[in-house]
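Engineer: Pasting in a structure now, in structure tokens, and then I'll have a few things to ask.
Taken together, the values in this text are just the output of simple stated rules run on the coordinates, not laboratory data. Model, not experiment: these values are computed from the prediction. FYI the Cβ positions are ideal-geometry reconstructions off the backbone, even for glycines, and counts take in every protein chain you see.
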């Protein structure tokens, strides 16, 4: 067997064009999805990946799925999957809470903190990735949606193409690592102090992002 294939099989990740010889295993997650531990040559259109479960991030992920169409998108909490699941999809929406770089590295309650090191083992080349970050512009005005900024760095490092950048107009904050050239790298939401704006912000953002996904 080719050495490269052996290494990919050992790592549990599969790239395009490599056949997976492992036995299929089915497990159900909290969204009712059945997860196959097998990569397929034909990728699906869109996957939403979020963490943590049970709070505002989860609620926003469900709003995204409903607005896009439940039959068009799959949704997973990263607690329930292996990193190779990302490779099943041509387009990704990643939803995270507002955590700074130092917090990503030490925080254990949010599965993203454990998931990020595993992501460094895969490539997101030829995939479009859109980010949604939840923040608190009142309590943490100097670190507004910083977690989304760190996530953008990683996606770029892995070769993914970021889409869905958002104007800073209409947002009140002091500083954010998620702002580059006066644009947020994704969609910022504040469910703590601006929940009434979430629905409209998501709808406008999807009007911009979904056509980008359709281009692939």
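Engineer: Sort 181, 190 by Cβ crowding within 10 Å, fewest neighbours at the top.
Structural biologist: Fewest-to-most ranking of 181, 190: 181, 190.
Engineer: Could you give the nm distance between label points at residue 121 and residue 45, where each point is 7 Å from its Cα heading toward the beta carbon?
Structural biologist: So the two model labels end up 3.1 nm from each other.
Engineer: Along each of its three principal axes, how wide is the spread of alpha-carbon positions in the stretch 114-186, in whole angstrom units, largest first?
Structural biologist: Principal extents (largest minus smallest coordinate, Cα): 36, 25, 15 Å.
Engineer: Continuing with this model, one more query. For each of 168, 139, count neighbouring Cβ atoms within 10 Å of the residue's Cβ, then give the residues from fewest to most.
Structural biologist: Listed from fewest to most nearby Cβ atoms, that is 139, 168.
Engineer: Here's something else I'd like to know. With a 10 Å Cβ neighbour count serving as the proxy for reagent exposure, in which order, fewest first, do 137, 58 appear?
Structural biologist: Least crowded to most crowded, the residues run 58, 137.
Engineer: Using 7 Å Cα-to-Cβ label points, what is the residue 138/residue 156 separation (nm, one decimal)?
Structural biologist: A separation of 3.2 nm, rounded to one decimal place.
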